[in-house]
Structures are given as structure tokens and as C-alpha cells.
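Each remark here refers to the structure printed beneath this line.
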Amino acid sequence: MTVAITLKVNDGVVLAADSASTIIDQEGRVVNVYNNANKIFHLYKPDGQRNGGLPVGIISYGLGSIGNSSLSTLIKDLRVQFMTDGTAYSLGKGDHSVEDIAEKVDAFFLEKYLDVYGASEASPTLGFFVAGYSAGKSLAEEYRIVIENGSSTGPEKVRDDADCGISWGGETDAISRLVLGYSPFIASALLERGIEEEKISELLQHFQSKTAIPLVPQAMPIQDAIDLAKFLATMTINFSRFTPGAATVGGPVEVAVITKHEGFKWVDRKLYYPRELNQGNPHVRKEDTVSEGRVTL
């Protein structure tokens, strides 16, 4: 499982995620939990022609693989197509839109998903947030994609461009309790007590109006947005750790931020390759170097 967070303020959007990857057997039992999965990606990296690439990123939750291919590998496969002229998914230079990129993400992964799971109504959930800046736009955009039970919701805009807030996917209990003031499981509990679904929706809206905490003012500085996203991810990890059962949210918290002028930048990231192994790599730049002397790939 995972926690995937987007946090949007006027100055940009923050992506945060844990690193847990859970192996579950056919009986639904947790076999193992690994803490080195990658869930945040830059969707158009620097290519020597664009400084900083395009200011658009993606964060995944739910399925960690489709068939024998990890989500990490598949997202990088799509990124290569985004950056290659003449492919079905290539992006126009200087006229990209976040919505168009989200639609391409949806089409690419729905095809891969259906190849493996078909149109079964019991197939697993794969979710994404695609966020960043369209060409010529001054405010960030966010789109959610959910593929499950053999179909996709299609890219759904999370909020109006001028609005700010927090969105999350994966294991949502901890953040829902803190931000909204109630567990997402309360709906099923009310349903079990015989309350009609229409009434439940009304009750939850009333609860939220009384218990939700407005944590994200529009003018929040981007550094404070980063700190809040990291806090929410870390809180969810600790919630999972102390909740009975396997700790299915965990490992290092990764954070990236996308702003209008700086583009996509890593704030915290798991790194595997020392700098000396990457000399001569055209994608490794001075600003990719972090304090430990390691570099992003």
C-alpha cells in the first residue's frame, strides 16, 4: 500500500509519498513489505534543449506493478515516449497542457492494465495524480486518475486553478481523520446501522463542515507546504506502524515540488548511485547534487 499526497498553494504544488511496496498472496495476506519503491516521477526531464524539462510530475498509488513490469519502469517507458518526437505519446514543445498529459497517462496505463487484468469487475485499483504547469499558465493544475474494475474514471480535475488544498490517495485513514475530522470508514458503519446512502452523504458533508481543519491557506509559502506534506506522509507512516497488522506504509518519505519558475525539483529522494558513477551523464546537472554527494538519475 502507500500514501500519495499532493498539496497545492499559490506558489506551486508539492508531491509526497512513502516508499512501501506490499506483496499480498491470493488469500489477501501480507507476505512481505519492501520499503524502497519509487512513486514520484518527473514526466519530462531535461533533454539538453529545455532547461529543467517540463514542470509536470506524477505520483502513483495502489498497484505497484502491472504484470511483470513495475510502475516505476512503466512510467519511465512513458516518459521516453513523451520526450521522443513521432511517438503516439510525444509532447509538443512549448504548447503542452497538464490535462493533455494526464489524458495520455490514462490511455497508456489503461491499455497496459486491460492487457493483464481484462475488464474484470474485481480487478485491483491503480491511481495517479498528475500535477504541474501548462504552457503559459501561472497556476498549477492537478488531475486524478483511477483505474479499477476494468475501467478508468479518466482524468478528473482535482480543483479549480485558483483553489488550493490537499489531496491524498492510498491508505487514507490517518489523513482523513486529521484533515476532515472523521475516518473514511464511517460511511460503511452508518450504512450497517440502516442509514440510507443519500442521508449518509448529507451527514458526512455536515460533519466535515464542523470538523474539517483548513490547513492550507492560498498564500502559504512553498517551504511550509513542503513541511506540511512531509508531516502528513510521516504521520501516516507512524499511524500504519502502530495500527495492528502489517505496516504497509513506510520507508523513506520522498518529496518533490513543482513551481512556475523553478520547474520540477526534488526535495527529498532515495538515491542509489554515487556521483562518480554518473560522470558524463547529460541528465546530471550541478543542481541535482545533494549534500551527501549523490545525484538524481
Self-check item: In segment 44-142, the trypsin sites (Lys or Arg not before Pro) that fall in loop regions by DSSP, at most 13 other Cβ within 10 Å
Solution: LYS93
Self-check item: Dimensions (Å) - segment 183-226, Cα atoms, principal axes, largest first
Solution: 46, 16, 13
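Would you mind checking LYS112/LYS265; LYS104/LYS157; LYS230/LYS270; LYS137/LYS265; LYS230/LYS265; LYS157/LYS270 for any pair whose Cα atoms are more than 23 angstrom apart? Write out the running numbers ahead of the final one.
Working: LYS112/LYS265 29 Å; LYS104/LYS157 15 Å; LYS230/LYS270 14 Å; LYS137/LYS265 18 Å; LYS230/LYS265 15 Å; LYS157/LYS270 29 Å.
Check vs 23 Å cut-off fails for LYS112/LYS265; LYS157/LYS270.
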Quiz item: Which of the GluC sites (Glu not before Pro) found in segment 117-176 are loop residues per DSSP with 14 or fewer other Cβ atoms within 10 Å of their Cβ?
Solution: GLU121
Practice problem: Place +1 on the Cβ of every Lys and Arg and -1 on the Cβ of every Asp and Glu in the chain, take the dipole about the Cα centre, and give the residue among ILE166, ALA225, ALA135 whose Cα lies farthest towards its positive end. | Solution: ALA225
Quiz item: So what is the orientation-averaged projected area of segment 73-134, using the convex hull of its C-alpha atoms, in nm²?
Solution: 4.8 nm²
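Considering all projection directions equally, how large on average is the shadow of the alpha-carbon convex hull of segment 120-252, in square nanometres?
On the way: hull surface 43.5 nm².
Mean orientational projected area (segment 120-252, Cα hull): 10.9 nm².
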Quiz item: With the chain treated as a Gaussian network of Cα nodes joined by springs under 10 Å, which of VAL267, VAL253, VAL158 yields the largest mean-square fluctuation?
Solution: VAL267
Quiz prompt | Dipole magnitude (debye, nearest 20) for the chain, charges at Cβ of Lys, Arg, Asp, Glu | solution = 920 debye
Self-check item: Quarter of the Cα convex hull surface for the chain, i.e. its orientation-mean projected area (nm²)
Solution: 17.0 nm²
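Rule-based calculations on the coordinates, nothing more; no lab input. Not measured: the values here are computed from a predicted model. So basically every Cβ, Gly included, is an ideal-geometry build from the backbone, and we count neighbours across all protein chains shown.
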